[in-house]
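Enquirer: Dropping the structure in here first, questions after.
Laboratory data are not the source of any read-out in this text; all were calculated from the coordinates shown. Please read these numbers as outputs of a predicted model, since none were measured by experiment. So basically every Cβ, Gly included, is an ideal-geometry build from the backbone, and we count neighbours across all protein chains shown.
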Amino acid sequence: MSHQVPDTGRHYVNGEWTAGTSEETFESVEPATGEPLGAFHRGTPADVERAVTAAAEAFEAWRGLSYVDRADVLWDVYHELRDRTDELGEIVTRECGKEISEGRADVVEAAHMVEWAAGNARHPHGEVVPSEIASKDSYMRRRPRGVVGCITPWNFPVAIPFWHMAVALVEGNTVVWKPAEQTPWCGQVVAEMMVDAGVPPGVFNVVQGFGDAGNAIVTDDRVDTVLFTGSAEVGHEIGDELGGQAGRECALEMGGKNAVVVTDQADLDLAVHAAVMSSFKTTGQRCVSSERLIVHTEVYDEFKRRFVDLAEDVAVGDPLEESTFMGPVVDESQVEKFHRYNDLARREGAEVLVDRATLADEEIPDGHADGYWVGPFVYEVEYDPELRCIHEEVFGPHVALIEYEGDVDRALTIHNDTKYGLTGAIISEDYRQINRFRDRAEVGLAYANLPCIGAEVQLPFGGVGKSGKGAPSAREVIEAVTDRTAWTLNNSKDVRMAQGLSAEIRTEDD
Ligand code: UN1
């Protein structure tokens with residue numbers, strides 16, 4: 001079924017496909033055409049309740065398997081992701097609108113994550129720690145936390161679910177997953193892969209639906225860890241809900257107001273290339289996309305001319321065509337948000353340099369008039385800490401050029417003036433400028449002479465400030481889904497203590 005539009009997609013709970021407790025369905029809509037792709041049952045809090053019960057019951061047996069046995073299930077998923085990359089890449093592109101090379105890259109990134117998690121099962125774990133006492137052996141162990149709730153976004157509808165689930169499962173947790181309501185078809189395909197791979201009943205559960213279903217995951221205290229990737233608004237609510245609860249953990253990855261800094265020592269070919277990739281790939285809808293370009297006054301005019309020329313020309317079009325650089329945005333609410341922020345920038349005094357926000361009719365591919373089309377919107381504005389347009393995330397091809405004078409610390413002041421802190425890049429040929437940026441940029445991911453997008457799964461992925469807490473992403477998710485035990489064994493018959501602590505028991509008679 002997966003390569004065809006599904007016939008009313010269902011949830012997968014306790015080893016069975018189910019329509020769930022509600023008759024209500026919702027549609028997945030193709031962003032490029034505005035046409036429905038398929039209908040899905042809408043999960044309710046009662047469906048989530050059943051899924052959590054199944055996951056809690058399955059935990060004991062699943063954690064009892066070896067790492068290697070658990071990873072075996074994931075290797076089957078890995079091979080399916082590899083064998084079906086083109087087909088699944090096309091589904092990603094159709095359902096979330098990003099162009100076809102990005103659709104495929106999403107599936108490839110998922111395969112890499114599964115490979116990392118399953119491969120890690122055969123790698124040494126933990127560390128041996130020396131003791132003051134010769135007879136003591138200390139080492140670190142990890143224990144699975146239990147039920148892991150995963151709430152994932154539409155912009156990486158295959159990769160991000162595996163960021164959450166691959167490590168969680170190999171480490172011995174069971175999973176309840178709610179895919180984004182914009183990309184349930186991708187959710188269905190991923191679920192089918194898990195089922196094909198023979199994941200035992202209850203170990204992996206998926207409930208399709210909206211925020212009420214996601215909220216039911218968050219508020220169920222049998223869910224030991226909540227992994228969330230998505231908007232800052234929802235992420236902070238989850239953080240508030242779970243923050244005070246003993247024993248419950250969350251790892252949150254939210255957005256950014258990321259920037260590329262172009263210094264007076266920049267190679268401008270590299271600078272323009274990196275900026276275009278950072279701002280317009282995925283139509284600006286990566287949490288790592290850049291909406292601010294902070295450019296030194298000495299190179300500003302040339303950079304601006306070259307960036308603007310390309311922004312006027314980048315190919316917006318049918319995401320299934322190889323010749324397209326930017327597809328549509330995901331839905332009408334993203335179109336509206338983009339226009340709202342473009343208007344705000346104008347009101348805040350921006351000088352508009354490129355306005356393809358509303359595409360001309362001839363730029364929209366034939367038969368796609370009802371798609372969610374936008375094009376680049378580029379402006380220049382003088383840096384001002386009060387401007388909302390250079391502080392709030394838009395999640396679209398909305399880009400500010402900000403000119404700076406002086407040394408790299410001035411660029412860093414502007415760069416760091418945001419509550420977010422996910423990613424950033426510096427373009428420079430001067431290693432001192434580069435290293436200063438490396439040390440002082442307040443971000444979780446930083447790049448030099450590269451776009452600020454495109455992280456690989458074997459790196460920790462996550463931000464600081466409003467961008468995140470913990471890392472529900474890539475290899476670092478291991479921290480969120482396990483508890484560590486510092487284990488110490490005494491090989492002697494005597495009890496001897498460290499720190500010179502006396503181990504002698506004295507009695508009244510001594
Ligand atoms: C996201 O931006 O929402 O680093 C995820 C990247 C990708 C993941 C992006 N590996 O660009």
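Enquirer: From zero up to wherever the largest Cα-Cα distance of the stretch 414-510 sits, split into 5 Å bins and tell me the percent of pairs in each.
Expert: 2, 10, 14, 14, 11, 7, 6, 6, 7, 7, 6, 5, 3, 1, 1, 0
Enquirer: Which value, in debye to the nearest 20, gives the size of the charge dipole of the stretch 149-224 about its Cα centre, when Lys and Arg are +1 and Asp and Glu are -1 at the Cβ?
Expert: I would put it at about 80 debye.
Enquirer: Using each residue's phi in the stretch 85-92, evaluate 6.51 cos²θ - 1.76 cosθ + 1.60 at θ = phi - 60° and report the 3J(HN,Hα) Karplus result to the nearest Hz, with x for Gly and Pro.
Expert: Each residue of the stretch 85-92 in turn: 4, 5, 5, 6, x, 5, 5, 4 Hz.
Enquirer: In nm, give the distance between the simple-model label positions of ASP196 and ASP267, each being 7 Å from the Cα along the Cα-to-Cβ direction.
Expert: Result: 4.2 nm between the two label points.
Enquirer: What residue among TYR67, GLY97, ALA441 has its Cα farthest toward the positive end of the dipole of the chain, where the charges are +1 on Lys, Arg and -1 on Asp, Glu, each on the Cβ?
Expert: TYR67
Enquirer: How long are the semi-axes of the equivalent ellipsoid of the stretch 118-266, defined as square roots of 5 times the Cα gyration tensor eigenvalues? Whole Å, largest first.
Expert: Gyration-tensor ellipsoid for the stretch 118-266: 29, 24, 18 Å.
Enquirer: Give me the orientation-averaged projected area of the Cα convex hull of the stretch 18-75, in nm², one decimal. It would help to have the intermediate numbers written out before the result.
Expert: Working: hull surface 25.5 nm².
Taking a quarter of the hull surface, the average projection is 6.4 nm².
Enquirer: When all alpha-carbon pairs of the stretch 152-195 are counted, what percent fall beyond 18 Å?
Expert: Considering the stretch 152-195, 20 percent of its Cα-Cα pairs are separated by more than 18 Å.
Enquirer: Restrict the search to the stretch 313-349; then list the GluC sites (Glu not before Pro) that DSSP places in a loop and that have at most 10 other Cβ atoms within 10 Å of their Cβ.
Expert: Those that pass, being in a loop and sparsely packed, are GLU322.
Enquirer: For the chain, what does -39500 (n - 2.57) per DSSP helix run (n ≥ 4), summed and divided by total residues, give at 222 nm, in deg cm²/dmol to the nearest 500?
Expert: The helix contribution divided over the chain gives -11500 deg cm²/dmol.
Enquirer: Evaluate the distance, in nm, between pseudo-label points positioned 7 Å from the Cα of GLU504 and of ASP240 along their respective Cα→Cβ axes.
Expert: Result for the modelled spin labels: 5.9 nm.
Enquirer: Place a +1 charge on the Cβ of each Lys and Arg in the chain and a -1 charge on the Cβ of each Asp and Glu, then give the dipole magnitude about the Cα centre in debye, rounded to the nearest 20.
Expert: Dipole of the chain, to the nearest 20 debye: 1740 debye.
Enquirer: For the stretch 258-448, what log10 I(q)/I(0) values come out of the Debye formula at q = 0.10, 0.18 1/Å, with one point per alpha carbon and no solvent?
Expert: -0.38, -1.18
Enquirer: If you don't mind, another one. Output ³J(HN,Hα) for the stretch 23-33: one whole-Hz value per residue in order, computed from phi by the Karplus curve 6.51 cos²θ - 1.76 cosθ + 1.60 with θ = phi - 60°, and x for Gly and Pro.
Expert: Once rounded to whole Hz, the list reads 7, 5, 10, 9, 9, 8, 10, 7, x, 6, 10.
Enquirer: Order the peptides 73-80, 124-131 from the highest to the lowest mean number of other Cβ atoms within 10 Å of their residues.
Expert: Ranked from most to least packed, the peptides come out as 73-80, 124-131.
Enquirer: Would you list MET165, MET193, MET277 from fewest to most Cβ contacts within 10 Å? Provide the component values of the computation, followed by the final result.
Expert: Details: MET165 29, MET193 24, MET277 20.
With the fewest neighbours first, MET165, MET193, MET277 line up as MET277, MET193, MET165.
Enquirer: Related question: Would you order MET194, MET497 from fewest to most other beta-carbon atoms within 10 Å of each residue's own beta-carbon?
Expert: MET497, MET194
Enquirer: Take each of the peptides 168-180, 450-462, average the number of other beta-carbon atoms within 10 Å over its residues, and list them starting from the highest.
Expert: So the peptides 168-180, 450-462, ranked by packing, come out 168-180, 450-462.
Enquirer: Now, a different point. When a/c is below 1.5 the answer is rounded, else prolate if a/b is larger than b/c, else oblate, so apply that to the chain with a ≥ b ≥ c taken from the square roots of the Cα gyration tensor eigenvalues. Could you put the intermediate results ahead of the total?
Expert: On the way: a/c = 2.19, a/b = 1.31, b/c = 1.68.
Oblate shape, in that a/c is at least 1.5 and b/c is the bigger or equal ratio.
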